[in-house]
Amino acid sequence: MSEKPVPARPGAGTLEARLAEILRVDHAGELGAVHIYQGQRAVLGAAKDKARIAAQLEEMEGHEAVHLARFDALLNDRGVRPTVMTPLWRLAGFALGAGTALMGEKAAHACTEAVESVIEQHYADQVAELAEREPELAAELSRFRDEELAHKTLAIDEGAHGAPGYGLLSAVIRAGCRTAIKISEKV
């Protein structure tokens, strides 16, 4: 009669390793978001008739910059390194922002809606995971999630679903976000 293998027990450092993944990926996401908005503002902010959307983008970028600053502090406080993908995420974020802005306001909003759809679920999962073990961090992530939801709602209200090729554009952006999340957690 063969014995059943004993499942591996979490070792010391498992929680710390998971927290490092969470902080690393959230930092990367906020960094990417800041650069997406910078790319969109580089295009739409230059047009005289786009003052309204430029102001919206600037406000949302400001929220993301606050989140990014908080994750910078958390990485430093907890001795966690950022993802090695940071230079690529800066470039990719700016390119995504500028590219969608070149497609028009609705495409820029579709980008926001797609990104925030992934991020809202990502934060919700983390809040549930951390609620008991790290309640203060969970509360911060919940607050950030609420701000991301407000960005998503604004994007939808401003016509995100009317963007050219919305379905494909949204699917590609969401897939890219999910891929970036998986990569940034680990490297």
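The values are calculated or read from the model by the stated rules, or taken from the named source; none is laboratory data. These numbers were taken from a predicted model, which means no experiment stands behind them. Glycine also receives a Cβ, built like all others from the backbone with ideal geometry; neighbour counts cover every protein chain displayed. Accessible surface areas use protein heavy atoms only, side chains included; no ligands, DNA or RNA. Shrake-Rupley method; radii C 1.70, N 1.55, O 1.52, S 1.80 Å.
Of the labelled options (1) 56, 35, 26; (2) 71, 38, 32; (3) 73, 40, 28, which one gives Cα extents along the principal axes in Å as computed for this structure?
So the structure-derived entry is (3).
Gap in Å between the Cα centre of the range 165-187 and the Cα centre of the range 118-148?
19
Choose one answer from 44, 168, 57: the residue with the largest mean-square fluctuation in a GNM of the chain with alpha-carbon springs under 10 Å.
Largest GNM mean-square fluctuation: 168.
Please list, in order along the range 128-137, the HN-Hα scalar couplings obtained from phi with the Karplus expression 6.51 cos²θ - 1.76 cosθ + 1.60 (θ = phi - 60°), rounded to whole Hz, x for Gly and Pro.
4, 5, 9, 3, 8, 7, 9, x, 5, 5
Using the Cβ atoms and a cut-off under 13 Å, what net charge is assigned to the surroundings of residue 45, where Lys and Arg are +1 and Asp and Glu are -1?
-1
If you count only protein heavy atoms with a 1.4 Å probe, what accessible area per residue comes out for the range 18-92, rounded to a whole Å²?
On a per-residue basis, 46 Å².
Could you work out the longest stretch of the chain that avoids the GluC sites (Glu not before Pro) located in DSSP loops with at most 13 other Cβ atoms within 10 Å?
Counting only loop sites that pass the neighbour cut-off, the longest clear stretch is 4-131.
Using θ = phi - 60° and the Karplus relation 6.51 cos²θ - 1.76 cosθ + 1.60, list the HN-Hα couplings for the range 54-69 in order, rounded to whole Hz, with x at every Gly or Pro.
In residue order, the calculated couplings are 4, 5, 4, 5, 5, 5, 5, 4, x, 4, 5, 5, 5, 4, 4, 4 Hz.
Looking at the chain as a GNM with Cα springs under 10 Å, which of 52, 41, 174 has the largest mean-square fluctuation?
Comparing 52, 41, 174 in the GNM, the peak value goes to 52.
State the percentage of accessible surface on the chain attributable to carbon and sulfur atoms; use a 1.4 Å probe and exclude ligands, DNA and RNA.
It is 59 percent, rounded to a whole number.
Among 128, 42, 163, which one shows the highest mean-square fluctuation when the chain is modelled as a Gaussian network with alpha-carbon springs under 10 Å?
128
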